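Q: I have a structure here, written as structure tokens, and I will follow up with some questions on it.
A short reminder: the numbers here are calculations on the coordinates, not readings from a lab. All values reported here derive from a predicted model rather than from experimental measurement. Glycine also receives a Cβ, built like all others from the backbone with ideal geometry; neighbour counts cover every protein chain displayed.
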Amino acid sequence: MSRIRPLKTSNDRIWIPEDYFARAEIGEIFPDADGRVIEFDMGCGDGGFLVQMAQHHPEHRFLGVERLLGRVRKVSRKLKAANAQNARLLRLESQYALDYLLPESSVDRMHFLFPDPWPKEKHARRRLFSEPFLMAIKRVLKPGGELLFKTDHDDYFELAQEVVKECGDKVGFERLEWPEDAFFYPITDFEQQWLDMGKTIDRMRLRFD
Ligand SMILES: C[S@@+](CC[C@H](N)C(=O)[O-])C[C@H]1O[C@@H](n2cnc3c(N)ncnc32)[C@H](O)[C@@H]1O
């Protein structure tokens, strides 16, 4: 069984919670968070999207969550190179962060971009987009907060549409239009790869009560 390796160096772009078993305060992550827009990028990958967003909105605060250590380190270097002071990285599993670590009503926008699609039928239940996932999102979002989801994977998008239809009223959210020019929204690293391959991208924007 593989062991999770500790981070070797302290790095001011990486947020290491003091206690992984207690809810954090948003001020622990961003000491100047008060009154600011807080955004959360789940599975930030190589960080192209996160870095561009952080540069475009220096007044916002961004937390990127990623489970692969190599990617966290890489994005940390990119943020430093871009001199982006307003983003932090957390090496953790997104659902755990949502369920146990992030405080209630603390985030304005959640980005869930090109999550692993788990294409094999026997692995499909590992897809994060589900009712418990949306319940967890609702707990962490501020009222009126949004979830932005994109995928290149048709089956995953179909599943997401079904989940949204089934539990929209129960969880408490509505689907909004999301035209291309609605707001600044950079293409992610994986998105560019899929676009280069001629794939179609589906997107969904949900606003929570
Ligand atoms: C297909 S990549 C997309 C990365 C980025 N969002 C983009 O669009 O370029 C999915 C990323 O999510 C990470 N990931 C997958 N499942 C995760 C989870 N449960 N928690 C945190 N990160 C996860 C993977 O390691 C990978 O970096």
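Q: Under 5 Å between amide H atoms, partner at least 5 residues away or on a different chain: which partners does residue 14 have, H built in plane at 1.01 Å?
A: Those lying under 5 Å, H to H, from residue 14 are 89.
Q: Considering every Cα-Cα pair within segment 61-174, what fraction, in whole percent, is farther apart than 25 Å?
A: 27
Q: For residue 204, what charge total do you get from the other residues with a beta carbon under 10 Å from its beta carbon, if Lys and Arg give +1 and Asp and Glu give -1?
A: On the way: positive: 150, 175, 203, 205; negative: 202.
Summing Lys/Arg as +1 and Asp/Glu as -1 gives +3.
Q: Are there trypsin sites (Lys or Arg not before Pro) in segment 82-124 that DSSP puts in a loop and that have at most 12 other Cβ atoms within 10 Å, and which ones? Can you show the working numbers first?
A: Details: sites: 88, 91, 109, 120, 122; in loops: 120.
Loop-located and lightly packed - 120.
Q: Here's something else I'd like to know. Please sort 16-29, 158-171 by packing, taking for each peptide the average over its residues of neighbouring beta carbons within 10 angstrom, highest first.
A: Working: 16-29: 12.9, 158-171: 14.6.
In decreasing order of mean packing, 16-29, 158-171 become 158-171, 16-29.
Q: Compute the Rg/Rh shape ratio of the chain: radius of gyration over Kirkwood radius, all on alpha-carbon atoms.
A: A ratio of 0.94.
Q: Another question about this same structure. Work from the charge dipole of the chain (Cβ charges, +1 for Lys and Arg, -1 for Asp and Glu, about the Cα centre) and give the residue of 136, 85, 107 farthest towards its positive end.
A: Of the candidates, 85 comes out farthest on the positive side.
Q: Here's another thing I want to ask about it. Rank by packing, highest mean first: peptides 133-141, 37-45, 97-105, with packing defined as the count of other Cβ atoms within 10 Å averaged across residues.
A: Values: 133-141: 21.0, 37-45: 23.0, 97-105: 17.3.
In descending order of packing, they fall as 37-45, 133-141, 97-105.
Q: Still on this structure, please answer the following. Let me spell out the model: positive unit charges on the Cβ of Lys and Arg, negative unit charges on the Cβ of Asp and Glu, origin at the Cα centre of segment 37-208. What dipole size does that give, in debye rounded to 20?
A: 800
Q: Rank by packing, highest mean first: peptides 57-67, 72-82, with packing defined as the count of other Cβ atoms within 10 Å averaged across residues.
A: Numbers: 57-67: 19.9, 72-82: 18.0.
Ranked from most to least packed, the peptides come out as 57-67, 72-82.
Q: Once you list every other residue whose beta carbon is under 14 Å from the beta carbon of residue 132, what net charge do they have if Lys and Arg are +1 and Asp and Glu are -1? Show your work: numbers first, answer last.
A: Working: positive: 125, 126, 127, 138, 139, 170; negative: 93, 99, 131, 166.
Net charge around residue 132: +2.
Q: Assuming a strict under-26 Å limit between Cα atoms, what lysine pair count do you get for the chain once near-sequence pairs (fewer than 8 apart, same chain) are dropped?
A: Counting lysine pairs in the chain gives 21.
Q: Let me check I've understood the local charge: for residue 29, count other residues with C-beta under 10 angstrom from its C-beta, Lys and Arg +1, Asp and Glu -1. What total comes out?
A: Working: positive: 61, 88; negative: 25, 28.
So the surrounding residues net to 0.
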